[in-house]
Amino acid sequence: MKDNDLIVVAMSGGVDSSVAAARLVEAGHRVVGMMLRLWSEPGSECSNRCCTPDAMAQARKVAQMLGIPFYAVDAQSPFRESVVQHFLDGYSAGVTPNPCIVCNQSIRWGVLYEQARSLGATHLATGHYARVRVDDHGQARLLKGLDPAKDQSYVLSVIPQEKLRHSLFPIGEFPKPEVREMARSFGLPVAERPDSQDLCFLAGDDYRSFLLRNAPETVRPGVIVDQTGRSLGQHQGLAFYTIGQRKGLGFSSEKPLYVIGKDVRENRLIVGEAEELGSTELVAGDINWIAGEPVESTLDVTVKIRYKAREIPARIQWLDAGRVRVQFKQSLRDITPGQRAVFYQDEECLGGGTILTS
């Protein structure tokens, strides 16, 4: 990257993206700030927490302080069509979707990335806690953020090689407290702004209410059964339950029972005892292998099956049609179709895929 290269920074009005922009300006780069205008439900157009009027005003104020241009990019339609629809379709299919993964794939490194490139930018920078290292052959490697409590390589595992080479994460080398301290030293008004939580398009609402309004077929009551088909009670809608859930089933039993599956066709929630829940393998599809197809047909890695999950040793075996089988060295209770299995070797994120079956 050359000093006169143009860099677009994805700004959100939060401390992380603001410090990312400030560090690039301080380093002498030409910087442009961009913020996405995302979809909200009709009647609450200003409620998406990623682009509220206050967040937009904060981002614009930071850009003005840094002396950089600032643009708002309208991504409402593609966000609704890809991210929100993926969320609704996932629950309709009886799986637990991860819309943040889809947003990074289709919106940040889709709509926003293309906007940046159309301006002549060489790189898109964000406030994610991760790192990129480009080797002597021009191959980009995605590395964990140095702050293990904030590492976001999991949600970035969908970025393909050709886009990762043009991505920057200026705060990935720092812990969060130091990032806030940098914001204070830059005099940024967002230094104490709290971290955002939950899904942005829910606007602080419960996801069950959102589903009821937008996909009522996902919240139809039905029967709870064990693996023999014996009726044990009533569920309130398959979307309200996750694999491995024990509490909130609405009936009592002599032994603890857990959600072990969903029969979408018959609208049945399947429960069982702890020994019926665990699995030592999964199959994942829609694989993004960041460094290109691996040479070996099998590979020893560690795997995260949720964003906040710990890494588990496993061996992955390549199958056909862009799928892999992941075999763990221990039984796991919370393998959840629809979530993403992400693969690591030490500090490097190799990529990942969507969990199809366990």
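Can you pull out every residue in segment 186-213 that is acidic (Asp, Glu) and at positive phi?
If the condition is that a residue be acidic (Asp, Glu) and at positive phi, then ASP198 is the only one that fits.
Going through segment 71-111 one residue at a time, which ones are out of contact with any Phe, Trp or Tyr (no Cβ under 7 Å at 6 or more places or on another chain) and of a type in the set (Val, Ile, Thr)? Let's see the steps before the verdict.
Residues of segment 71-111 that are out of contact with any Phe, Trp or Tyr (no Cβ under 7 Å at 6 or more places or on another chain), as a first pass: 71-75, 77-78, 81-83, 85-96, 98, 100-106, 108-111.
Across segment 71-111, the qualifying residues are VAL73, VAL83, VAL95, THR96, ILE101, VAL102, VAL111.
Which of the residues belonging to segment 155-177 are of a type in the set (Lys, Arg) and assigned to a loop (DSSP other than H, G, I, E, B)?
Kept after step one, since they are of a type in the set (Lys, Arg), are these residues of segment 155-177: 163, 165, 176.
Across segment 155-177, the qualifying residue is only ARG165.
Could you please find all residues in segment 267-284 being touching a helix residue (DSSP H, G or I) at 6+ places or on another chain (Cβ under 7 Å) and either part of a strand (DSSP E or B) or closer than 20 Å to LYS255 by Cα (or both)?
Listed by number, the list holds a single entry, LEU269.
Looking at (1) under 26 Å from LEU350 (Cβ atoms); (2) at pLDDT below 95; (3) not charged (D, E, K, R); (4) not in a helix (DSSP H, G or I), find the lone condition where CYS100 falls short.
Condition not satisfied by CYS100: (4).
In the list ASP136, ASP151, which residue meets the criterion of being surrounded by fewer than 19 Cβ atoms within 10 Å (Cβ to Cβ) and charged (D, E, K, R)?
ASP136
Residues of segment 116-141 being of a type in the set (S, T, N, Q) and either closer than 22 Å to VAL19 by Cβ or without any contact (Cβ under 8 Å) to a residue 60 or more places away in the chain (or both), which ones?
Just the residues of segment 116-141 that are of a type in the set (S, T, N, Q), to begin with: 118, 122, 126, 139.
Matches in segment 116-141: SER118, THR122, THR126.
Residues to consider are GLU311, GLU296, GLU281; find the one that is of a type in the set (Asp, Glu) and either assigned by TED's automatic domain parsing to the domain that holds TYR258 or surrounded by 16 or more Cβ atoms within 10 Å (Cβ to Cβ) (or both).
Numbers: GLU311 fails: either assigned by TED's automatic domain parsing to the domain that holds TYR258 or surrounded by 16 or more Cβ atoms within 10 Å (Cβ to Cβ) (or both); GLU296 fails: either assigned by TED's automatic domain parsing to the domain that holds TYR258 or surrounded by 16 or more Cβ atoms within 10 Å (Cβ to Cβ) (or both).
On inspection, the qualifying residue turns out to be GLU281.
The values are calculated or read from the model by the stated rules, or taken from the named source; none is laboratory data. Note that the coordinates shown come from a computational prediction; the quantities given were computed from them, not determined experimentally. Glycine gets a Cβ as well: all are built from the backbone with ideal geometry, and neighbour counts include every protein chain shown.
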